[in-house]
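Notes follow once the structure below has been shown.
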Amino acid sequence: WYRIDNQNNFFLDVWMDTYGKPGVVFSVYSPEQTNNLSASTIPKGRSSPSKEGHDWSWKGAQATGIWHVLVKNTTNTPMAYRIDYRQTSQERVCRSYWEWINQNLVYWTACRDYAP
């Protein structure tokens with residue numbers, strides 16, 4: 001379990017590197033889920049393949065408050081990983097789209113910081 005205090009920031013990005021190995025994933029839990037939080041709680045978000053230089057990522061908006069992240073190893077062997085996050089209140093421009101990856105339809109949202 002990881003705890004992230006996003007304070008008054010509007011956006012929260014979480015990413016994880018598993019060094020190209022499958023089997024380690026994460027789930028993201030929002031501030032209103034803090035009471036009775038457990039591994040069986042349905043998360044607000046889950047890691048998905050990243051196109052931004054990391055193996056896994058998740059992006060959230062309207063993300064003020066205390067968030068929790070649960071990392072799960074779905075294999076029977078120890079796995080190395082590195083998890084980190086970014087907080088910002090800077091505006092973003094986002095575009096969502098569907099893409100086929102290995103016979104799976106994946107929904108992506110690509111965002112970039114807005115520079116007026």
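The values are calculated or read from the model by the stated rules, or taken from the named source; none is laboratory data. What you see is a predicted model; the values in this text were computed from it and never measured. Don't worry about glycine lacking a Cβ; one is built from the backbone with ideal geometry, like all the others, and counts go over all protein chains shown. Side chains included, ligands, DNA and RNA excluded: accessible areas come from the protein's heavy atoms. Shrake-Rupley method; radii C 1.70, N 1.55, O 1.52, S 1.80 Å.
Couple of notes before you dig in:
- 3J(HN,Hα) couplings calculated from phi for segment 14-25 with the Karplus curve 6.51 cos²θ - 1.76 cosθ + 1.60 (θ = phi - 60°) are, in sequence order, 10, 9, 9, 10, 10, 6, x, 9, x, x, 10, 9 Hz; Gly and Pro show x.
- 13 Å beta-carbon shell around T34, net charge (K/R +1, D/E -1): 0
- Partners for K44 among lysines (Cα-Cα distance below 16 Å; same-chain residues under 8 apart left out): K59, K72
- Carbon and sulfur %, accessible surface of segment 1-104 computed with the full protein complex present, 1.4 Å: 47
- Rounded accessible area of T34 (nearest 10 Å², 1.4 Å probe): 60
- Rounded to whole numbers, the Karplus 3J(HN,Hα) couplings from phi for segment 48-59 are 9, x, 9, 10, 10, x, 10, 6, 9, 7, 8, 10 Hz, using 6.51 cos²θ - 1.76 cosθ + 1.60 with θ = phi - 60°, and x at Gly and Pro.
- Amide H partners (placed H, <5 Å) of G45, local residues excluded: V28
- Correct choice for Cα extents along the principal axes in Å that was computed from the model, options [x] 48, 37, 22; [y] 38, 31, 25; [z] 59, 36, 20: [x]
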